[in-house]
Amino acid sequence: MTKVQAPDILRCAYMEIVVTDLAASRKFYVDTLGLLVTYEDDEAIYLRTYEEFIHHNLILRKGPVPAVAAFAFRVRSPEELDRAEEFYKARGCEVRRKKDGFVRGIGDSVRVQDPLGFPYEFFYEVEHRERHCWSYDIHVPGAIVRLDHFNQITPDVTAGVAYMEDLGFRITEDIRDDKGTVYAAWMRRKPSVHDTAMTGGDGPRMHHIAFATHEKHNIIAICDKLGALRKSDCIERGPGRHGVSNAYYLYLRDPDGHRVEIYTQDYYTGDPDNPVVTWDVHDNQRRDWWGTPVVPSWYRDGSTVLDLDGNPVPLVKRTDDSELAQTIGADGFSYTRPEDEDSMPEWKQGEFKLGHQL
Ligand SMILES: [Fe+2]
């Protein structure tokens, strides 16, 4: 394959998702989570976070089947779009370019169906909107301040990471076993733990989109609000602290089942020799630092992704071991200490056995 220089990507910028009931999704993302509306009509709602100055971080588009239409990244200059075109054409991918943009607020942009089957977009030109950093009169206790990252499900994480490294991403953390199977990897352009991650499973699917809050207490405020609204059933997992990334997290499911993470306080990764952190898949603190078991749905479910014509991309089965197979029930009860230290408490051993009956 010809080596073509990759486009210089700044950061993950927005996701376009298809929702089946625009009013229900508006209630979730605007009334409950407090995202700011940049534009809306009967077909779509464009939303942004409190600290964002570009037109949007999330598009909700009305459609028949819940899905993801685009994972969009901002590049450093308009010229980088030529590189994006060349990079994907050299890989035999479907590539489309639209000078006036595929969506509102965005100018010249390139959309591709990438080698893993995901719909990626690259753009530079974008309309600016007011950045509400200082608008404390409208901030809510659980204010969502930035888009932080995407998370994608792909059957072959090793192949996925190789392609993303060609695209200029750097690995910050991964999960492996002693046989060399890679279960997940986190990759960044901006100097945080990630702009996107690859999780091993049947794919391509979208695992989640993650928004940042300032502090841990903002996450608690969101949980309290969901409880007060009797919407606690949209909490899938957490709140908790991740091992991977060291961030605080909360996972929610929107009215269509799209997974949304609220995330805060990971660490700086911008140096060229930033060390990669590798976690053992049997380490019960990798996914949750406190050892809280991960619910099976979190490993199992993901959103369909669309090709450039809007058709669902068929799934490819994962053939390597998955974390779900490794961890159902046993997750949280494998090992936390070296074997020669205290044995597992008896009540946890019981839970371990129960877990295996799931
Ligand atoms: Fe995440």
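The values are calculated or read from the model by the stated rules, or taken from the named source; none is laboratory data. As the structure is a prediction and not an experimental result, all values here were calculated from the model. Methodologically, a virtual Cβ is constructed for each residue, glycine included, from the backbone with ideal geometry; neighbour enumeration extends over all protein chains shown. When the accessible area is computed, the model is the full protein with side chains, heavy atoms only, and any ligands, DNA or RNA have been set aside. Shrake-Rupley method; radii C 1.70, N 1.55, O 1.52, S 1.80 Å.
Structure data summary
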{"read-out": "The chain: angle of helix 346-356 to the longest principal axis, Cα-based, in degrees nearest 10", "value": "50"}
{"read-out": "About the Cα centre, charge dipole magnitude for the stretch 63-138 (Lys/Arg +1, Asp/Glu -1 at Cβ), debye", "value": "160"}
{"read-out": "Inter-site label distance for LEU10 and GLU51 at 7 Å from Cα along Cβ, in nm", "value": "1.5"}
{"read-out": "C-alpha long axis of helix 216-228 to longest principal axis of the chain, angle in °", "value": "90"}
{"read-out": "ILE235 paired with GLU130, simple spin-label distance in nm, labels 7 Å along Cα-to-beta-carbon", "value": "3.3"}
{"read-out": "Ordering of 237-249, 33-45 by burial proxy (mean other Cβ atoms within 10 Å per residue, highest first)", "value": "237-249, 33-45"}
{"read-out": "Residue-level accessible surface for LYS216, protein heavy atoms, 1.4 Å, Å²", "value": "80"}
{"read-out": "Amide H within-cut-off set for VAL277, under 5 Å, with H built and near neighbours excluded", "value": "GLU173, ASP174"}
{"read-out": "More than 24 Å apart - percent of Cα-Cα pairs taken over the stretch 2-103", "value": "33"}
{"read-out": "Solvent exposure of the stretch 9-304 as accessible area per residue, Å², 1.4 Å probe", "value": "38"}
{"read-out": "Convex hull volume per residue for the stretch 56-149, taking Cα atoms only, in Å³", "value": "138"}
{"read-out": "Rounded to 10°, Cα long-axis angle of helix 80-89 versus longest principal axis of the chain", "value": "70"}
{"read-out": "Estimated FRET transfer efficiency (TRP289, ILE220; beta-carbon r; R0 22 Å; 0.05)", "value": "0.85"}
{"read-out": "Dipole magnitude of the stretch 222-323 about its Cα centre (Cβ charges: Lys, Arg +1; Asp, Glu -1), debye to nearest 20", "value": "480"}
{"read-out": "About the Cα centre, charge dipole magnitude for the chain (Lys/Arg +1, Asp/Glu -1 at Cβ), debye", "value": "580"}
{"read-out": "Portion, in percent, of the accessible area of the chain that falls on carbon or sulfur, probe 1.4 Å", "value": "50"}
{"read-out": "Rounded accessible area of ILE138 (nearest 10 Å², 1.4 Å probe)", "value": "70"}
{"read-out": "Cα-based shape type of the stretch 1-58, given that a ≥ b ≥ c are square roots of the gyration tensor eigenvalues and the cut on a/c is 1.5", "value": "prolate"}
{"read-out": "Projected area averaged over orientations for the stretch 9-304, convex hull of C-alpha atoms, nm²", "value": "15.0"}
